[in-house]
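The values are calculated or read from the model by the stated rules, or taken from the named source; none is laboratory data. Computed from a prediction, not measured in an experiment: that's the story for all the values here. Heads up, the Cβs are rebuilt from the backbone with ideal geometry, glycines too, and the neighbour counts pull from every protein chain shown. Note: areas computed on protein heavy atoms with side chains; ligands, DNA, RNA excluded. Shrake-Rupley method; radii C 1.70, N 1.55, O 1.52, S 1.80 Å.
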Amino acid sequence: MAHGPGRAALYAAVAAKGFRRYATYRAATLAGIFTNTVFGVILAQTYLALWAERPGLGGYDQAQALTFVWIGQSLHMAVAAMGGGSEEELMERIRSGDIAVDLYRPVDLQLWWLAQDAGRACFQLFARGALPLAFGALVFDLALPASPGTWIAFLTAVALGLLVSFGIRYLVALSAFWLLDGAGIGQLAWLVGMFFSGMLLPLNVFPGLLGEVARVLPWSSILQLPADVLLGVHTGTGLLGVYAFQLAWAVALLAAGRALQSLATRRVVVQGG
(Lines give C-alpha, C1' and ligand atoms only; values in the text may rest on other atoms or scores of the structure.)
Protein backbone atom coordinates (compact mmCIF):
# COMPACT_ATOMS: atom_id res chain seq x y z
CA MET A 1 0.00 0.00 0.00
CA ALA A 2 1.26 3.50 -0.84
CA HIS A 3 2.33 5.67 2.10
CA GLY A 4 2.76 9.36 2.84
CA PRO A 5 2.88 11.74 -0.13
CA GLY A 6 2.48 8.88 -2.57
CA ARG A 7 -0.79 7.80 -1.00
CA ALA A 8 -2.08 11.39 -0.96
CA ALA A 9 -1.17 11.74 -4.64
CA LEU A 10 -3.02 8.52 -5.41
CA TYR A 11 -6.27 9.67 -3.80
CA ALA A 12 -5.92 13.09 -5.45
CA ALA A 13 -5.65 11.30 -8.79
CA VAL A 14 -8.77 9.26 -7.98
CA ALA A 15 -10.65 12.48 -7.16
CA ALA A 16 -9.45 14.11 -10.40
CA LYS A 17 -10.58 11.05 -12.34
CA GLY A 18 -14.00 11.27 -10.71
CA PHE A 19 -14.23 14.94 -11.71
CA ARG A 20 -13.27 14.20 -15.34
CA ARG A 21 -15.64 11.26 -15.51
CA TYR A 22 -18.69 13.39 -14.74
CA ALA A 23 -17.42 16.22 -16.92
CA THR A 24 -17.81 13.97 -19.97
CA TYR A 25 -21.61 13.85 -19.56
CA ARG A 26 -22.25 17.29 -21.05
CA ALA A 27 -25.82 16.66 -22.20
CA ALA A 28 -26.80 15.24 -18.81
CA THR A 29 -25.18 18.21 -17.10
CA LEU A 30 -27.10 20.72 -19.21
CA ALA A 31 -30.34 18.83 -18.63
CA GLY A 32 -29.62 18.80 -14.90
CA ILE A 33 -28.95 22.55 -14.83
CA PHE A 34 -32.27 23.13 -16.59
CA THR A 35 -34.10 20.81 -14.18
CA ASN A 36 -32.58 22.42 -11.08
CA THR A 37 -33.42 25.87 -12.41
CA VAL A 38 -37.04 25.02 -13.19
CA PHE A 39 -37.53 23.31 -9.83
CA GLY A 40 -35.90 26.32 -8.17
CA VAL A 41 -38.40 28.66 -9.81
CA ILE A 42 -41.31 26.48 -8.65
CA LEU A 43 -39.99 26.38 -5.08
CA ALA A 44 -39.24 30.11 -5.11
CA GLN A 45 -42.81 30.93 -6.13
CA THR A 46 -44.09 28.64 -3.38
CA TYR A 47 -41.86 30.36 -0.83
CA LEU A 48 -43.00 33.79 -2.03
CA ALA A 49 -46.60 32.82 -1.33
CA LEU A 50 -45.74 31.24 2.02
CA TRP A 51 -43.64 34.15 3.27
CA ALA A 52 -46.26 36.64 2.07
CA GLU A 53 -48.70 34.96 4.46
CA ARG A 54 -46.13 34.37 7.23
CA PRO A 55 -43.48 37.14 7.14
CA GLY A 56 -40.42 36.28 9.16
CA LEU A 57 -41.21 32.55 9.18
CA GLY A 58 -38.30 30.61 10.65
CA GLY A 59 -36.42 33.83 11.34
CA TYR A 60 -35.93 34.50 7.62
CA ASP A 61 -37.17 37.49 5.69
CA GLN A 62 -38.39 36.91 2.14
CA ALA A 63 -35.00 37.53 0.50
CA GLN A 64 -33.31 35.08 2.87
CA ALA A 65 -35.99 32.46 2.22
CA LEU A 66 -35.50 32.80 -1.54
CA THR A 67 -31.75 32.58 -1.08
CA PHE A 68 -32.25 29.35 0.84
CA VAL A 69 -34.14 27.93 -2.15
CA TRP A 70 -31.35 28.64 -4.60
CA ILE A 71 -28.61 27.45 -2.25
CA GLY A 72 -30.52 24.19 -2.07
CA GLN A 73 -30.62 23.92 -5.84
CA SER A 74 -26.92 24.71 -6.11
CA LEU A 75 -26.02 21.96 -3.60
CA HIS A 76 -28.64 19.43 -4.67
CA MET A 77 -26.49 17.17 -6.84
CA ALA A 78 -23.23 17.80 -5.00
CA VAL A 79 -24.67 16.32 -1.80
CA ALA A 80 -26.56 13.65 -3.80
CA ALA A 81 -29.78 14.40 -1.94
CA MET A 82 -31.77 12.15 -4.26
CA GLY A 83 -29.04 9.69 -5.14
CA GLY A 84 -26.59 9.90 -7.98
CA GLY A 85 -23.51 9.71 -5.77
CA SER A 86 -20.77 7.10 -5.72
CA GLU A 87 -22.82 4.95 -3.33
CA GLU A 88 -24.96 3.69 -6.22
CA GLU A 89 -21.93 2.31 -8.06
CA LEU A 90 -20.54 0.84 -4.83
CA MET A 91 -23.83 -0.92 -4.10
CA GLU A 92 -23.86 -2.41 -7.59
CA ARG A 93 -20.28 -3.63 -7.23
CA ILE A 94 -21.17 -5.30 -3.93
CA ARG A 95 -24.26 -6.91 -5.44
CA SER A 96 -22.39 -8.23 -8.49
CA GLY A 97 -19.34 -9.37 -6.55
CA ASP A 98 -16.98 -6.94 -8.30
CA ILE A 99 -16.19 -5.50 -4.86
CA ALA A 100 -13.77 -8.42 -4.49
CA VAL A 101 -11.51 -6.68 -7.00
CA ASP A 102 -11.65 -3.47 -4.95
CA LEU A 103 -10.69 -5.35 -1.79
CA TYR A 104 -7.55 -6.69 -3.48
CA ARG A 105 -6.33 -3.22 -4.40
CA PRO A 106 -3.43 -1.94 -2.26
CA VAL A 107 -5.54 1.05 -1.17
CA ASP A 108 -8.01 1.85 1.58
CA LEU A 109 -11.52 1.04 0.34
CA GLN A 110 -13.26 3.85 2.21
CA LEU A 111 -10.72 6.51 1.21
CA TRP A 112 -10.84 5.33 -2.41
CA TRP A 113 -14.60 5.84 -2.60
CA LEU A 114 -14.39 9.08 -0.62
CA ALA A 115 -11.86 10.46 -3.10
CA GLN A 116 -13.98 9.41 -6.05
CA ASP A 117 -17.08 10.95 -4.49
CA ALA A 118 -15.16 14.16 -3.75
CA GLY A 119 -14.28 14.52 -7.44
CA ARG A 120 -17.89 13.94 -8.41
CA ALA A 121 -19.16 16.42 -5.82
CA CYS A 122 -16.71 19.13 -6.92
CA PHE A 123 -17.87 18.83 -10.51
CA GLN A 124 -21.53 18.89 -9.55
CA LEU A 125 -21.01 21.85 -7.22
CA PHE A 126 -19.40 24.06 -9.85
CA ALA A 127 -21.09 22.75 -13.01
CA ARG A 128 -24.64 22.24 -11.74
CA GLY A 129 -24.51 24.58 -8.77
CA ALA A 130 -23.16 27.90 -9.99
CA LEU A 131 -25.53 28.51 -12.90
CA PRO A 132 -28.84 27.89 -11.05
CA LEU A 133 -27.65 30.16 -8.23
CA ALA A 134 -26.65 32.85 -10.73
CA PHE A 135 -30.06 32.55 -12.43
CA GLY A 136 -31.83 32.86 -9.08
CA ALA A 137 -29.81 35.99 -8.27
CA LEU A 138 -30.78 37.58 -11.61
CA VAL A 139 -34.49 36.81 -11.39
CA PHE A 140 -35.18 37.11 -7.66
CA ASP A 141 -34.12 39.45 -4.88
CA LEU A 142 -31.63 37.30 -2.97
CA ALA A 143 -29.70 38.03 0.20
CA LEU A 144 -26.27 37.02 -1.09
CA PRO A 145 -23.28 38.36 0.84
CA ALA A 146 -20.69 40.69 -0.67
CA SER A 147 -17.88 39.66 1.68
CA PRO A 148 -15.41 37.08 0.28
CA GLY A 149 -14.87 35.88 3.84
CA THR A 150 -18.50 34.82 4.12
CA TRP A 151 -18.23 32.86 0.86
CA ILE A 152 -15.07 31.13 2.12
CA ALA A 153 -16.85 30.28 5.37
CA PHE A 154 -19.77 28.93 3.34
CA LEU A 155 -17.56 26.73 1.15
CA THR A 156 -15.85 25.37 4.26
CA ALA A 157 -19.25 24.41 5.67
CA VAL A 158 -20.16 22.85 2.31
CA ALA A 159 -16.97 20.75 2.34
CA LEU A 160 -17.73 19.47 5.84
CA GLY A 161 -21.33 18.83 4.80
CA LEU A 162 -20.10 16.73 1.88
CA LEU A 163 -18.08 14.61 4.31
CA VAL A 164 -21.21 14.04 6.39
CA SER A 165 -23.20 13.22 3.25
CA PHE A 166 -20.62 10.69 2.13
CA GLY A 167 -20.53 9.15 5.60
CA ILE A 168 -24.28 8.54 5.50
CA ARG A 169 -24.27 7.25 1.93
CA TYR A 170 -21.31 4.94 2.55
CA LEU A 171 -23.20 3.26 5.38
CA VAL A 172 -26.22 2.88 3.10
CA ALA A 173 -24.05 1.36 0.36
CA LEU A 174 -22.48 -1.15 2.74
CA SER A 175 -25.94 -2.47 3.60
CA ALA A 176 -25.80 -4.23 0.22
CA PHE A 177 -23.40 -6.76 1.79
CA TRP A 178 -26.41 -8.12 3.70
CA LEU A 179 -29.28 -7.28 1.35
CA LEU A 180 -29.90 -8.78 -2.08
CA ASP A 181 -31.04 -5.36 -3.28
CA GLY A 182 -30.11 -2.21 -1.39
CA ALA A 183 -32.37 0.02 -3.49
CA GLY A 184 -35.11 0.06 -0.85
CA ILE A 185 -32.94 1.25 2.01
CA GLY A 186 -31.27 3.67 -0.38
CA GLN A 187 -34.57 5.27 -1.33
CA LEU A 188 -35.60 5.45 2.32
CA ALA A 189 -32.31 7.15 3.23
CA TRP A 190 -32.73 9.69 0.42
CA LEU A 191 -36.30 10.50 1.49
CA VAL A 192 -35.18 11.01 5.08
CA GLY A 193 -32.25 13.09 3.86
CA MET A 194 -34.43 15.30 1.67
CA PHE A 195 -36.73 16.04 4.61
CA PHE A 196 -34.18 16.49 7.39
CA SER A 197 -31.52 18.36 5.38
CA GLY A 198 -33.88 21.25 4.65
CA MET A 199 -33.93 20.56 0.92
CA LEU A 200 -37.71 20.98 0.80
CA LEU A 201 -38.29 23.38 3.70
CA PRO A 202 -35.85 25.07 6.10
CA LEU A 203 -35.48 23.22 9.39
CA ASN A 204 -36.01 26.55 11.16
CA VAL A 205 -39.71 26.39 10.38
CA PHE A 206 -40.20 22.91 11.87
CA PRO A 207 -42.27 23.25 15.06
CA GLY A 208 -41.36 22.27 18.60
CA LEU A 209 -39.64 18.96 19.28
CA LEU A 210 -39.55 18.03 15.57
CA GLY A 211 -37.46 21.09 14.83
CA GLU A 212 -35.13 20.49 17.77
CA VAL A 213 -34.54 16.89 16.73
CA ALA A 214 -34.09 17.79 13.05
CA ARG A 215 -31.42 20.35 13.84
CA VAL A 216 -29.23 17.88 15.78
CA LEU A 217 -29.41 15.09 13.19
CA PRO A 218 -26.49 14.76 10.75
CA TRP A 219 -28.56 15.78 7.72
CA SER A 220 -28.73 19.36 8.99
CA SER A 221 -25.02 19.61 8.16
CA ILE A 222 -25.71 19.00 4.48
CA LEU A 223 -27.80 22.06 3.60
CA GLN A 224 -29.31 23.90 6.56
CA LEU A 225 -26.04 24.82 8.25
CA PRO A 226 -24.12 25.83 5.09
CA ALA A 227 -27.10 27.95 4.03
CA ASP A 228 -27.24 29.67 7.42
CA VAL A 229 -23.50 30.38 7.20
CA LEU A 230 -23.99 32.08 3.84
CA LEU A 231 -26.95 34.02 5.20
CA GLY A 232 -24.85 35.31 8.09
CA VAL A 233 -26.82 33.51 10.79
CA HIS A 234 -23.62 31.99 12.20
CA THR A 235 -20.54 34.15 12.72
CA GLY A 236 -17.58 34.23 15.11
CA THR A 237 -17.77 31.56 17.79
CA GLY A 238 -21.13 30.47 16.39
CA LEU A 239 -19.40 29.64 13.11
CA LEU A 240 -16.80 27.57 14.94
CA GLY A 241 -19.66 25.75 16.65
CA VAL A 242 -21.14 24.90 13.24
CA TYR A 243 -17.82 23.51 12.03
CA ALA A 244 -17.37 21.50 15.24
CA PHE A 245 -20.87 20.04 14.89
CA GLN A 246 -20.29 19.05 11.26
CA LEU A 247 -16.85 17.63 11.96
CA ALA A 248 -18.12 15.58 14.90
CA TRP A 249 -20.82 13.99 12.73
CA ALA A 250 -18.36 13.42 9.88
CA VAL A 251 -15.89 11.64 12.17
CA ALA A 252 -18.64 9.57 13.80
CA LEU A 253 -20.16 8.49 10.49
CA LEU A 254 -16.84 7.71 8.82
CA ALA A 255 -15.78 5.69 11.88
CA ALA A 256 -19.07 3.79 11.77
CA GLY A 257 -18.54 3.15 8.06
CA ARG A 258 -15.05 1.80 8.71
CA ALA A 259 -16.34 -0.49 11.46
CA LEU A 260 -19.18 -1.78 9.27
CA GLN A 261 -16.77 -2.26 6.36
CA SER A 262 -14.48 -4.32 8.58
CA LEU A 263 -17.41 -6.45 9.74
CA ALA A 264 -18.67 -6.94 6.18
CA THR A 265 -15.34 -7.95 4.70
CA ARG A 266 -14.67 -10.39 7.56
CA ARG A 267 -18.01 -12.10 7.95
CA VAL A 268 -20.07 -11.67 4.79
CA VAL A 269 -19.57 -13.69 1.62
CA VAL A 270 -19.53 -11.32 -1.34
CA GLN A 271 -22.72 -11.76 -3.32
CA GLY A 272 -22.03 -13.14 -6.76
CA GLY A 273 -18.40 -13.94 -5.97
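Here is how the numbers come out for the structure above:
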| quantity | calculated |
| --- | --- |
| C-alpha center-to-center spacing [region 181-237, region 79-132] in angstrom | 22 |
| Average Cα contact separation per residue, region 157-273, under 8 Å, 6 or more apart, as relative contact order % | 43 |
| Mean Cα-pair separation over length for the chain, i.e. relative contact order, pairs under 8 Å, 6 or more apart, % | 27 |
| For region 1-117, accessible area per residue (1.4 Å probe, heavy atoms of protein chains only), Å² | 49 |
| At R0 = 30 Å, FRET efficiency that the Cβ-Cβ distance of residue 26 and residue 82 yields, to 0.05 | 0.90 |
| Surface per residue (accessible, 1.4 Å probe) for region 153-273, Å² | 44 |
| Accessible carbon and sulfur surface of the chain relative to its total accessible area, %, 1.4 Å | 70 |
| At least 24 Å along the helix axis (C-alpha) and Kyte average at least 0.0, DSSP helices within the chain | 4-23, 26-53, 109-127, 148-174, 237-267 |
| The chain, dipole about Cα centre (Lys/Arg Cβ +1, Asp/Glu Cβ -1), debye to the nearest 20 | 680 |
| Calculated [θ] (222 nm, deg cm²/dmol) that DSSP helices of n ≥ 4 give over the chain, each run adding -39,500 (n - 2.57) | -24000 deg cm²/dmol |
| Cα gyration tensor shape of region 1-111, rounded if a/c is under 1.5, else prolate or oblate by comparing a/b with b/c | prolate |
| Options 115, 60, 135, ranked by Cα towards positive dipole end of the chain, top entry (Cβ charges) | 115 |
| Accessible-area value, residue 47, 1.4 Å probe, nucleic acids and ligands omitted, Å² | 10 |
